[in-house]
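The numbers here are math on the coordinates, done by the rules we state, and not lab data. These numbers come from a predicted model, not from an experiment. Cβ placement follows ideal geometry from the backbone for every residue including glycine, while neighbour counts extend to all protein chains displayed.
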Amino acid sequence: MGKQAKLELDGKTYILPVVVGSEGEHGVDISTLRQTSGLITLDDGYGNTGSCVSKITFIDGDKGILRYRGYPIEELAEKSTFIEAAYLIIYGELPTSAQLKRFSDLLTANEMLHESMKNHFATFPATAHPMAILSSMINAVSCYHPRLIEGYKADMFDVQAARLLSKVRTIAAFAYRVSRGLPAIYPKPSYKYTANFLHMMFSEPYQDYDLKPEVVRALDLIFLLHADHEQNCSTSTVRMIASSQANLFASAAGGVCALWGPLHGGANQAVIEMLEDIHRSGDDGSRFIAAAKDKNSGKRLMGFGHRVYKNYDPRAKIIKAQCDNLLKVLNISDPLLDIAKHLEEAALKDSYFVERKLYPNVDFYSGIIMRAIGIPKEMFTVIFAIGRMPGWIANYKEIVDHQGTRIYRPRQIYTGETERHFVSLNQRKSKA
Ligand code: SDX
């Protein structure tokens with residue numbers, strides 16, 4: 001008999017099984033609670049609730065550990081590439097050379113968009129946020145692949161996954177080009193994933209973009225570091241949508257919308273806007289830190305804090321080091337990096353942040369790298385979405401592969417009006 005938990009209420013005792021994960025995490029399994037007791041649990045923001053068991057990513061927030069399928073993020077960041085890590089996350093194992101070649105060939109075969117998709121891009125105003133374009137165009141792409149709309153077919157998964165992962169890059173680059181009134185640049189089959197994205201973003205019809213290896217490597221690392229992060233807001237959204245048996249593209253489009261929020265993936269854009277405001281105001285960061293501690297200021301130190309990490313986000317450490325490397329190679333000195341470092345130094349010595357265990361997260365430094373590459377800040381969360389696509393695909397696969405997956409349908413505790421009866425219009429009195 002495995003471990004059990006005991007719940008006592010109103011003189012009754014309920015025994016609940018305890019699930020123990022491969023890293024020793026304990027979860028009280030309440031899947032029979034309502035049926036046996038009529039009770040439900042309540043957990044605002046799901047801070048204490050596991051929605052699933054998963055084999056994809058492990059995080060230890062206290063120790064600052066992040067592993068994709070058991071491999072430490074530090075090793076993958078040093079030795080792997082985004083596409084190899086994407087294969088690992090989606091399929092569970094590091095690919096052999098043959099598997100990696102097949103995966104890469106599938107991505108190449110699916111990098112183009114249907115030519116009539118260009119009509120959709122043309123209808124967006126130049127000011128349209130690329131995250132709005134991305135989420136709508138992911139669903140638009142699926143309309144050109146009717147079999148995809150039919151929902152999950154195991155024998156179609158590899159092509160669907162490659163189609164989504166490859167085309168999301170083309171959609172993003174086209175959205176950027178159209179927003180600048182520039183001609184779309186088509187992918188080059190000879191280029192690998194990240195180089196091709198940079199080519200589609202920054203080449204011109206008359207001149208190819210100069211693909212500096214250090215720039216390609218820096219962006220590939222950004223994608224790799226964002227590739228999955230267990231049950232964050234957007235990934236949970238993807239699983240929620242997938243649980244209704246909606247198709248992969250619909251699930252990913254929903255993930256894009258959840259990621260957009262400034263408390264989540266939108267934070268990377270918010271960090272740069274925060275640093276720009278501080279720079280413009282001539283503040284060395286001290287005034288902003290004071291405001292971020294003041295609940296009435298409506299300001300937060302963006303890029304700081306995390307629901308799970310109560311230690312330094314391991315991804316932030318890697319990105320911060322990459323910032324220094326890349327700016328040196330590109331011979332760029334960015335005042336925003338200096339301000340970011342000053343903010344980090346001040347916050348990590350300030351009891352407000354220390355007591356709340358608020359450390360830099362993945363978004364704190366990533367924008368500095370994207371700025372150095374020339375990616376505009378409104379595209380930062382799109383870059384996050386491209387990086388996160390393997391994680392969303394893997395979580396979608398976990399849902400659809402799991403026999404007996406039930407539709408996600410949380411309960412609630414109702415606190416509204418008790419029963420009352422209809423009042424005709426001429427009888428109603430304003431409550432104001
Ligand atoms: C991502 O979940 C993931 O894994 C996400 C992600 C991924 O890879 O998918 O890691 C990516 O989304 C990273 C987080 C990006 N967001 C930001 O950087 C926005 C700024 N950070 C916060 O808003 C906040 O820290 C969250 C949203 C990240 C976490 O919020 P929680 O867990 O709900 O924490 P909370 O808002 O309840 O804060 C606890 C306390 C509060 O103070 P008290 O009420 O206890 O006095 O800490 C304070 C908060 O006011 N606080 C901050 C703060 N973050 C938390 N105060 C100032 N600045 C901050 N950044």
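General observations
- More than 23 Å apart - percent of Cα-Cα pairs taken over segment 69-157: 46 percent
- Of His306, His229, His279, the residue with the greatest mean-square motion in the GNM of the chain, using alpha carbon springs below 10 Å, is His279.
- About the Cα centre, charge dipole magnitude for the chain (Lys/Arg +1, Asp/Glu -1 at Cβ), debye: 980 debye
- Legend: Rg and Dmax of the chain, from Cα coordinates, 23.6, 80 Å.
- Two-decimal Rg to Rh for segment 318-427 - Kirkwood Rh, Cα set: 1.25
- Rg and Dmax of segment 380-432, based on Cα coordinates, read 23.1, 58 Å.
- Rg and Dmax of segment 155-208, Cα atoms only, in Å: 12.2, 41
- Chymotrypsin sites (Phe, Trp or Tyr not before Pro) restricted to DSSP loop in segment 374-432 with at most 16 other C-beta within 10 Å: Tyr408, Tyr414, Phe422
- Listed peptides 63-72, 193-202, 361-370 by packing density, highest first (mean Cβ within 10 Å): 361-370, 193-202, 63-72
- GNM top mover of Thr237, Thr96, Thr108 - the chain, alpha-carbon springs below 10 Å: Thr96
- Charged side chains reduced to their Cβ positions (Lys and Arg at +1, Asp and Glu at -1) give segment 313-396 a dipole of some 200 debye around its Cα centre.
- Charged-residue dipole, Cβ positions (Lys, Arg, Asp, Glu), segment 80-233 about Cα centre, Debye nearest 20: 340 debye
- Selection from Gly265, Ile278, Gly305, by position along the positive dipole direction of segment 256-315 (Cβ): Gly305
- Only DSSP H runs of four or more residues enter the estimate; each adds -39500 (n - 2.57), and after division by the residues of the chain the mean residue ellipticity at 222 nm equals -15500 deg cm²/dmol.
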